[in-house]
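These notes concern the structure reproduced below.
The values are calculated or read from the model by the stated rules, or taken from the named source; none is laboratory data. Owing to the predicted nature of the structure, the values given are computational and were not obtained by experimental measurement. Reconstructed Cβ throughout: ideal geometry from the backbone, glycine too, with neighbour counts over all protein chains shown.
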Amino acid sequence: MGQDRDGQVVSYRYRVISQTSLMKAIGQSDTTAVPTPAQIDAYIAVLLASNDSVWTYLQVEPQTGQPQTSVIIPLTANLSDPVRVYIPQFVFVQAIDDQGVFSSVVFRKYQRNNNPPATRILGFDSSRTPFIDAVQPGGVATGIRMIWTATDNIDYPTEATAIRIPVASVRTVRFGEVCQPGGTIQESGLCYA
């Protein structure tokens, strides 16, 4: 949230950059080094001299009489070893008022990794859709109705409820068989409709 004594904050802009890219942008050869305050200032100077396309802009949405905005800013995680490798990255933010005056740039450093979610199959309702292994695709009740759930409590410890995905039906298929119309995925002998 920003404040402006002689006007009103009308927008924000932000930039997310990895520590490695930040160090490259200011000409440092050791891109794994932690930037010093002087190097951060040098990057802010580069950022302010850059064209607007490096920034993401947010318009302020008035809520309960106080102008403010919020956004979920995606950060990068290491794809080859997402649990053990943390990616240091910076978020730079600047406010703009209704007179077109920019605040100073502020920043914060984050270390990002990614933990896998926990998934559980809750079961299936055999009273509504009994499982019958039909000889031919499209036979009577050729699958089961099931529900599963997933939570990501390590990355999102305040997640209130699990994501539940009801599946209309899952039926077994032969290798190479195409899902019937309405089927979306064929994998490991299952066709999800």
Positions within segment 70-116 being outside any strand (DSSP E or B) and either in contact with a Pro (Cβ under 9 Å, 6 or more places away or on another chain) or assigned by TED's automatic domain parsing to the domain that holds ILE154 (or both), in sequence order: PRO82, VAL83, ASN113, ASN114, ASN115, PRO116
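Here's the yes/no breakdown for (1) aromatic (Phe, Trp, Tyr); (2) modelled with pLDDT under 85; (3) closer than 29 Å to ARG13 by Cβ:
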position	(1), (2), (3)
SER103	no, no, yes
VAL106	no, no, yes
LEU122	no, yes, no
TYR156	yes, yes, yes
GLN180	no, yes, no
CYS191	no, yes, no
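Looking only at residues in segment 46-69 that are assigned to a loop (DSSP other than H, G, I, E, B) and exposed (fewer than 10 other Cβ atoms within 10 Å of the Cβ), which one is modelled with the highest pLDDT?
We begin by selecting, within segment 46-69, every residue assigned to a loop (DSSP other than H, G, I, E, B); these are 50-51, 55, 60, 64-65, 69.
In the following step, the residues that additionally are exposed (fewer than 10 other Cβ atoms within 10 Å of the Cβ) were identified as 51, 64-65.
Working: ASN51: 90, THR64: 60, GLY65: 62.
Residue satisfying both the conditions and the ranking: ASN51.
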Restricting attention to segment 6-49, which residues are of a type in the set (Phe, Trp, Tyr) and more than 25 Å from the chain's Cα centre (by Cα)? TYR43
Whether any residue in segment 26-45 is under 15 Å from ARG13 (Cβ atoms) and either among the charged types (D, E, K, R) or surrounded by 15 or more Cβ atoms within 10 Å (Cβ to Cβ) (or both) is what I want to check. yes
